[in-house]
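Note sheet for the following structure.
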Amino acid sequence: MLLELTEEQKLLQKNAREFMEREIIPIADEYDRKYHPLPREVAVGLMRKLAPLGYIGATLPPEYGGHSLDLVSYAVLGEELARAYLSLAMVAMIQDGSVLPILAQHGTPEQKKYIPQILSLEKITCFCLTEPDVGSGARDIATTATFQGDSYILNGTKTWITNGGIADLAVVFATTDRSLGMRGISCFLVDKARSPFTVRELPKLGCRSCPTSELSFQDCSIPASHLIGREGSGYSVALVELAKLRVAVGIGAVGVAQAALDAAVKYAKERKQFGRPIAGFQLIQEMVADMAIMTEAARFLCYRAMYLIGKGEVPFKETSMAKAFSTEMAVKVTSQAIQVHGAYGISEEYPVERYFRDARTLTFPDGTSQIQKLVIGREMLGISAFV
């Protein structure tokens, strides 16, 4: 059972935190106000700074140019980046943790030729599953892929796509045979330079610097060789990746909560009322204690879920627990941090208002809290509430 980080993981955490304190945290508030979203050149520049620490190609095997980190180490890196700047963490998470493992595990030799371009940040990637009318019920996706000659013709719209507005490569899930339901869903690699698609940016409450877009594919022709795996295997590919992405979102929530907790502790020690620091007030201490308890509990849920995935399991119950608890926890912790700051908590002079907006945004990606609870209920009771 995972109870403590290894010495190697502690060193990884220390190095990442020192880097964030020096390079990322000082610019995070400014960039969050300035960029809605980060321009491509800025996002790539920041990721180039992150790459030597292992953020790009973190878990990829060495034969592909990766760092071959275990998933708990991947979680350690993710938490430290999210603590510094969640928008950037989301950008890097998709660049590193969605398309790369799919190509490494399921790609053909021709498709794997894209891996070095992704690692070098020459190509930015996105993962396209969600649609305007299809969120958690991914088996009902409406985007179609019709085989014609030596190509597939994609038609449909994907929405809430992280990195969509700056992406060169998209992994797109589409139905190749609607009569087969989820067994008719296939996975495709779309190279925008060869198979153009249109993009519309979606402004949002939190993670404002993270590009989040609607992608439209209208008679988008892609080579038949860009089918990933076989026809009908897309849903199983998506399920495995979604399990990891759910926990990664949970890790992001833990990072934001830790940042809010750190800020609340610092402020409580500095702010004085009635002639003494507010840190000495009982109700302030109660809020800080609750924040610490919730953050630590979420961290254990997320790290354990990553540990299980790293063992080759697809632990639906544990991943949903990690995602649901951590994101709802982050909303509570960041809200409490604002309360500790008093009126200054809603001012842009302090980062806690950004933490709250970012945390509130995390309860939706990769399945809402309500959907996660239905998954947990199904796994516990053996009866599905989904219709």
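The values are calculated or read from the model by the stated rules, or taken from the named source; none is laboratory data. Remember, predicted model here, so these are calculated numbers, not experimental data. A quick note on method: Cβ atoms are made from the backbone with ideal geometry, for glycine too, and the neighbour counts reach across all protein chains shown.
Annotations
- Qualifying residue in segment 26-42 (condition: part of a helix (DSSP H, G or I) and under 30 Å from LEU308 (Cβ atoms)): no
- As for segment 257-273, it holds at least one residue that is at pLDDT 95 or above and either in a strand (DSSP E or B) or under 30 Å from THR144 (Cβ atoms) (or both).
- Verdict on GLY312 being surrounded by fewer than 22 Cβ atoms within 10 Å (Cβ to Cβ) and farther than 27 Å from TYR344 by Cα: yes
- Hey, LEU50 closer than 23 Å to VAL254 by Cβ, part of a loop (DSSP other than H, G, I, E, B), touching a helix residue (DSSP H, G or I) at 6+ places or on another chain (Cβ under 8 Å) and not assigned by TED's automatic domain parsing to the domain that holds LYS311 or not: no
- The residues on offer are GLU318, GLU348, and the sole one that is among the acidic types (Asp, Glu) and touching a Leu at 6+ places or on another chain (Cβ under 8 Å) is GLU318.
- Filter result (touching a helix residue (DSSP H, G or I) at 6+ places or on another chain (Cβ under 6 Å), within 23 Å of GLU79 (Cβ to Cβ) and hydrophobic (A, V, I, L, M, F, W, C)) within segment 331-374: VAL331, VAL333, ALA337, ILE338, VAL340, VAL352, PHE356, ALA359, LEU362
- Residues in segment 139-150 that are more than 18 Å from PHE217 (Cα to Cα) and either in contact with a His (Cβ under 8 Å, 6 or more places away or on another chain) or part of a helix (DSSP H, G or I) (or both): ARG139 alone.
- So PHE300, is it of a type in the set (A, V, I, L, M, F, W, C), touching a Leu at 6+ places or on another chain (Cβ under 6 Å) and not assigned by TED's automatic domain parsing to the domain that holds THR59: no
- Of the residues making up segment 61-70, those that are surrounded by fewer than 17 Cβ atoms within 10 Å (Cβ to Cβ) and free of Cβ contacts under 8 Å to residues at least 24 places away in the same chain number 3.
- If you filter segment 172-206 down to residues that are assigned to a strand (DSSP E or B) and of a type in the set (S, T, N, Q), you find that the one that is surrounded by the most Cβ atoms within 10 Å (Cβ to Cβ) is THR175.
- Checking SER225, SER216, SER221, SER195 one by one, the residue that is modelled with pLDDT of 95 or more, over 18 Å from PRO39 (Cβ atoms) and touching a Gly at 6+ places or on another chain (Cβ under 9 Å) is SER216 and no other.
- Entry remark, segment 352-387: residues being buried (at least 19 other Cβ atoms within 10 Å of the Cβ), in a loop (DSSP other than H, G, I, E, B) and on the phi < 0 side of the Ramachandran plot number 3 in total.
- Odd one out for PHE19 among (1) over 18 Å from the mean Cα position of the chain (by Cα); (2) buried (at least 18 other Cβ atoms within 10 Å of the Cβ); (3) hydrophobic (A, V, I, L, M, F, W, C); (4) not in a helix (DSSP H, G or I): (4)
- Filter result for the condition that a residue is of a type in the set (Gly, Ala, Ser) and buried (at least 19 other Cβ atoms within 10 Å of the Cβ), over ALA104, ALA58: ALA58
- Check on VAL249, in contact with a Pro (Cβ under 6 Å, 6 or more places away or on another chain) and surrounded by 15 or more Cβ atoms within 10 Å (Cβ to Cβ): yes
- Conditions (1) more than 19 Å from ARG208 (Cβ to Cβ); (2) of a type outside the set (D, E, K, R); (3) at pLDDT 95 or above; (4) touching a helix residue (DSSP H, G or I) at 6+ places or on another chain (Cβ under 6 Å): number failed by LEU11: (4)
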